[in-house]
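The values are calculated or read from the model by the stated rules, or taken from the named source; none is laboratory data. Treat the numbers as computed from the prediction; the structure is a model and nothing was measured. Note that each Cβ is placed from the backbone with ideal geometry, even for glycine, and that neighbours are counted across all protein chains shown. Calculation scope for accessible area: heavy atoms of the full protein, side chains included, ligands and nucleic acids excluded. Shrake-Rupley method; radii C 1.70, N 1.55, O 1.52, S 1.80 Å.
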Amino acid sequence: TIDDLTFPSGVTPPKKVRIYQRAEHYLLQWWDPSAGKTLNHRVDGDLIDSIARAREIDAKLQAFRRGGVVSRDLGHDAIVDAYLVDQQRRADAGQIAFGTVQRYRSALDHYRSYTDTAGLDRRYRRACTVDRAFAMDFAAHLKQLTVVGNGRAKGNKRPLKSIDYVLDVTRAMYEWAADPNRGGLIADGFRNPFLRDVVARRKVPANPLGEPDITMAMAEDFLKACDPYQLRLFAPMVLYGLRASEPILICHEHVTDEFLHINCIPDLDYLTKGHRDKSLPLLPEVHKLLVGTGGQEPGLIYTRRRVSEGRENPTLLGCSLDGMAGAYRERIQQNKSADASARKKVRNTVIKDAGGLTYKRIEGEFKRITKVLGWPAEATMKDFRHLFNTTMANAGLSLEERAYLMGQAPANHVNMVYLHLNTLVEKYKTAANDQYSGVLKLLR
């Protein structure tokens with residue numbers, strides 16, 4: 001052992017790290033409070049190298065109660081598992097949606113599959129050894145990969161479309177693992193090889209001068225082909241660029257004489273995708289379509305077709321938003337597990353018992369119409385949002401105004417702090433009456 005008696009004259013030994021001399025290297029040892037155990041670190045160098053490294057660890061122990069040195073033997077599966085557990089905790093705490101965790105898991109399944117291959121170079125058996133060559137090889141592997149669309153078990157295989165997403169999730173995982181305040185699974189000095197400036201994304205941009213996959217003429221043809229049930233569902237999607245899942249939790253309480261409110265609903269643990277509320281200026285044609293000429297009744301605006309036609313009478317039909325929230329809380333208390341996955345399942349059962357829709361049912365109605373019209377597969381419900389954004393931009397609405405109407409997460413730029421969209425209602429109504437004149441005429 002090299003202690004304070006044998007240190008060279010004038011060299012102050014570290015306070016919390018002991019240095020042991022071995023035949024061809026030095027061994028550092030200390031008690032790490034964050035790990036709750038004694039840790040060791042090998043230094044392949046001379047005494048000066050070992051003292052310098054010991055002082056680095058000593059300073060971190062005194063400042064942060066952790067040495068910043070972790071096991072180098074951690075495998076790829078261990079890092080993926082730890083990352084997904086942490087993301088699940090974030091979902092349970094309401095910081096991210098449970099669906100986000102599922103998407104991360106699906107993306108990292110490709111990473112697991114790649115690292116499990118027998119042909120992977122032996123030097124990459126540990127997660128901390130990944131480098132730019134590894135990242136480039138993984139990107140090349142994804143480019144050659146064929147998958148079945150939409151996670152189906154069977155079907156025709158096609159090239160993987162979400163290569164950039166898989167690489168970005170992998171990048172985020174390594175950033176988390178290397179951050180001592182989050183994962184803390186990779187030692188100091190690790191360089192993340194999945195950073196965007198290391199593995200460049202070469203996605204071919206769409207032609208900005210081209211038309212959206214759904215044009216205004218196509219949208220008018222689509223609404224003409226709708227039956228009354230479908231028209232009530234899809235007209236707001238066209239006129240407001242709603243996300244396909246947003247109609248599911250629109251209640252009569254969200255409709256006033258002036259606005260259609262698309263809100264986060266904390267009492268149901270529901271967050272919109274942009275984590276923000278939006279109030280859409282309500283056009284008279286849409287108000288009549290949603291509410292009709294009679295008085296407003298509580299409950300969901302949109303119900304399943306069988307419920308709407310009186311062929312099904314679910315137990316919570318007509319239940320107010322407060323009533324659904326009460327049923328949700330009661331079922332959560334009865335459920336032994338209160339994690340994000342369980343809460344989502346409970347919320348879905350409440351919506352089902354209230355007669356509500358699902359994304360698949362909305363998509364089914366959409367495809368029923370597009371099949372009759374003979375639309376190409378490239379035209380999807382999301383293209384109503386493309387059409388809306390393009391139309392509002394053509395009408396002169398600013399980027400910030402369009403971002404609000406589309407429910408996108410607000411930018412953190414300082415200008416947004418001082419921005420008030422106090423003329424948005426008038427500007428949207430003017431734009432809608434001008435740009436969507438054919439649609440509004442059809443509704444009238």
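For VAL255, the criteria (1) more than 18 Å from ARG361 (Cα to Cα); (2) at pLDDT 95 or above hold in every case but one, which is (2). Apart from one condition, ARG66 fits all of (1) under 21 Å from GLU175 (Cα atoms); (2) part of a helix (DSSP H, G or I); (3) among the charged types (D, E, K, R); the exception is (2). Taken together, GLY274, GLY299, GLY310 contain a single residue that is of a type in the set (Gly, Ala, Ser) and touching a Cys at 6+ places or on another chain (Cβ under 7 Å), which is GLY299.
The residues of segment 370-400 that are under 22 Å from GLN435 (Cβ atoms), in contact (Cβ under 8 Å) with a residue 12 or more places away in the chain, not in a loop (DSSP other than H, G, I, E, B) and not charged (D, E, K, R), listed by number, are LEU373, PHE384, HIS386, LEU387, PHE388, ASN389, THR390, THR391, MET392, ASN394.
Report, by residue number, each residue of segment 5-23 that is open to solvent by 80 Å² or more (accessible area, probe 1.4 Å) and aliphatic (A, V, I, L, M). Scanning segment 5-23 gives LEU5, ALA23.
Pairs meeting the criteria (first residue in segment 162-181 and more than 15 Å from ASP109 (Cα to Cα), second residue part of a helix (DSSP H, G or I) and open to solvent by 30 Å² or more (accessible area, probe 1.4 Å), beta carbons under 7 Å, at least 6 apart or on different chains) are TRP176/ASP86. There is no residue in segment 346-367 that is surrounded by fewer than 19 Cβ atoms within 10 Å (Cβ to Cβ) and over 22 Å from ILE301 (Cα atoms). Residues that are more than 25 Å from the chain's Cα centre (by Cα) and polar (S, T, N, Q) were ranked within segment 101-143; the one that is nearest to TRP176 (Cα to Cα) is THR129. Which of the residues that make up segment 192-213 are among the aliphatic types (A, V, I, L, M) and at pLDDT 85 or above? LEU195 - this is the single residue of segment 192-213 that is among the aliphatic types (A, V, I, L, M) and at pLDDT 85 or above. Applying the criterion of at least 3 residues that are touching a strand residue (DSSP E or B) at 6+ places or on another chain (Cβ under 9 Å) and buried (at least 16 other Cβ atoms within 10 Å of the Cβ) to the helices (runs of 4 or more DSSP H) found wholly in segment 231-345 leaves 284-291, 321-334. The single condition among (1) at pLDDT below 80; (2) surrounded by fewer than 10 Cβ atoms within 10 Å (Cβ to Cβ); (3) more than 30 Å from ARG66 (Cα to Cα) that GLY189 does not satisfy is (3). In segment 76-121, which residue that is assigned to a loop (DSSP other than H, G, I, E, B) and charged (D, E, K, R) is least open to solvent (accessible area, probe 1.4 Å)? Only one residue fits best here, namely ASP121.
Could you look through segment 24-40, keep only residues that are over 37 Å from the mean Cα position of the chain (by Cα) and not aliphatic (A, V, I, L, M), and pick out the one that is surrounded by the fewest Cβ atoms within 10 Å (Cβ to Cβ)? Out of the qualifying residues, it is GLU24.
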